[in-house]
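Encoded as structure tokens, the structure appears first; notes follow it.
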Amino acid sequence: MAILVQSVGSRREMREFIRLPLLLYRGNACFVPPLLAERRAFFSPKNPLFAFIEVAYFLARDDRGALLGRVTAHINRRHNEFHGERTGFFGFFECVQRLDVAQALMRTAEEWLRTRGMTLIRGPFNFSTNEECGFLAEGYDSPPAFMMPYNPPWYLDFMLQMGYTRAKDLLAFEYVKQNGIPEFLLRVCPRVRDKTGVNVRPLDMRHFNEEVEACFAVYNTAWEKNWGFVPVTREEFHYAAKGLRQIIDPSLALIAEKDGKPVAFSLALPDYNEVLRKMNGRLFPFGFFHFLLGRRKIRRVRVLLLGVVAEYRNRGIDLLLYHDTFKNGLARGYTSCEMSWILEDNHLMIRALEHIGARRHKVYRVFEKAL
């Protein structure tokens with residue numbers, strides 16, 4: 001059966017690109033349908049990402065026109081400038097269980113990048129480390145946390161058979177309520193507060209833009225040494241924050257300050273995937289009803305951001321953020337938490353999570369290949 005891979009060139013084809021996962025994962029209990037309106041907004045030219053990302057979208061079909069898969073190829077100019085590389089990326093990969101389809105998609109992405117001077121392809125990144133990235137490699141028995149990807153296990157086999165190698169593993173840790181705040185935090189955090197003089201407070205939603213600016217002041221310096229990091233522009237940071245504003249629980253969005261100056265922040269969100277699974281990608285006509293009722297029943301959170309500026313690292317400030325996340329989350333009725341993702345070689349954070357009783361829950365894998 002012939003396989004035809006074509007670039008997306010119309011609104012109809014873009015709708016097919018966005019909706020393809022709903023078709024491929026139909027009946028999969030672990031798949032969480034994306035909110036289609038959010039996906040359309042994400043791919044809109046209004047997204048500040050596209051000021052520095054050049055991207056091509058591809059769909060694979062059989063000779064009868066039936067959809068078989070999708071992928072993007074993109075060049076992130078800020079990444080290559082920051083790291084001094086000529087790396088191209090692939091993302092949003094989805095495919096039926098056929099190696100020949102995966103090969104056709106990836107050959108197309110590789111050639112698109114090669115003709116533009118790239119010497120390495122890495123992914124999946126949707127579109128950078130600031131968004132979803134990696135293929136699920138461990139933990140297929142449960143749905144992903146909010147804003148984390150899901151895929152079948154054969155994607156990893158496809159990558160290896162196509163000559164890709166592991167570039168980096170990204171870890172997700174899980175903590176399930178035991179006896180309140182972890183004893184390690186109760187013991188250590190009072191000493192950390194006394195020694196550092198750091199104060200941790202929740203986000204003030206009345207001054208949302210100012211609070212986002214305070215977090216932005218921390219973000220790029222806190223994450224700049226991380227593998228694959230790309231500096232975020234102020235416009236990009238505020239755009240992302242605006243998209244999260246309506247779903248933030250301010251008691252779980254924390255800023256750590258020293259003498260009134262932000263030195264760290266963390267963001268945990270209720271795990272809205274518990275609700276989105278019932279909405280099938282749509283807010284209307286019944287999705288919004290599920291959302292309003294379901295959000296009150298969410299008992300799980302995901303810590304998706306936690307960073308400390310360089311001069312305040314290794315002082316236990318990350319533990320203060322974890323302590324107050326636990327304290328506030330337990331008071332709000334949350335009973336479990338996923339911390340994701342953490343680089344496999346971020347040994348300091350991994351040890352801290354193990355100290356508080358968290359266990360490795362899922363692994364996500366990034367692949368790469370020379371062009």
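Starting from region 1-26, take each residue that is of a type in the set (Ser, Thr, Tyr) and list its partners that are crowded, with 16+ Cβ neighbours inside 10 Å, counting only C-beta distances under 7 angstrom and pairs at least six apart or across chains. Listed by first residue and then by second, the contacts come to Ser7/Ala56; Ser7/Tyr57; Ser7/Phe58; Tyr25/Phe31. Against the numbered list (1) among the small types (Gly, Ala, Ser); (2) loosely packed, with under 14 Cβ neighbours inside 10 Å; (3) modelled with pLDDT of 95 or more; (4) under 29 Å from Ser336 (Cβ atoms), Gly163 comes up short only at (4).
Name the residue that is surrounded by the fewest Cβ atoms within 10 Å (Cβ to Cβ), counting only residues in region 55-80 that are under 23 Å from Arg116 (Cα atoms) and charged (D, E, K, R). It comes out as Arg77. As a summary of the residue check, Tyr175 satisfies the conditions (1) in a loop (DSSP other than H, G, I, E, B); (2) at pLDDT below 95 except for the one numbered (1).
Look through Val218, Val192, Val212, Val200 and report the one residue that is closer than 23 Å to Tyr334 by Cα, surrounded by 15 or more Cβ atoms within 10 Å (Cβ to Cβ) and not assigned by TED's automatic domain parsing to the domain that holds Leu35.
It is Val200.
Which one is surrounded by the most Cβ atoms within 10 Å (Cβ to Cβ) among residues in region 223-237 that are part of a helix (DSSP H, G or I) and within 17 Å of the chain's Cα centre (by Cα)?
Glu236
Just wondering, is there one or more residues in region 281-297 that are assigned by TED's automatic domain parsing to the domain that holds Phe184, modelled with pLDDT of 90 or more and basic (Lys, Arg)? No, region 281-297 has no match at all. Please verify whether Leu136 is in contact (Cβ under 8 Å) with a residue 40 or more places away in the chain and in a helix (DSSP H, G or I), treating the condition exactly as stated. Here the answer is no, as Leu136 does not meet what is asked.
The values are calculated or read from the model by the stated rules, or taken from the named source; none is laboratory data. Nothing here was measured: the structure is a model prediction, and the numbers come from that model. No Cβ is skipped: glycine too gets one built from the backbone with ideal geometry, and neighbour counts run over all protein chains shown.
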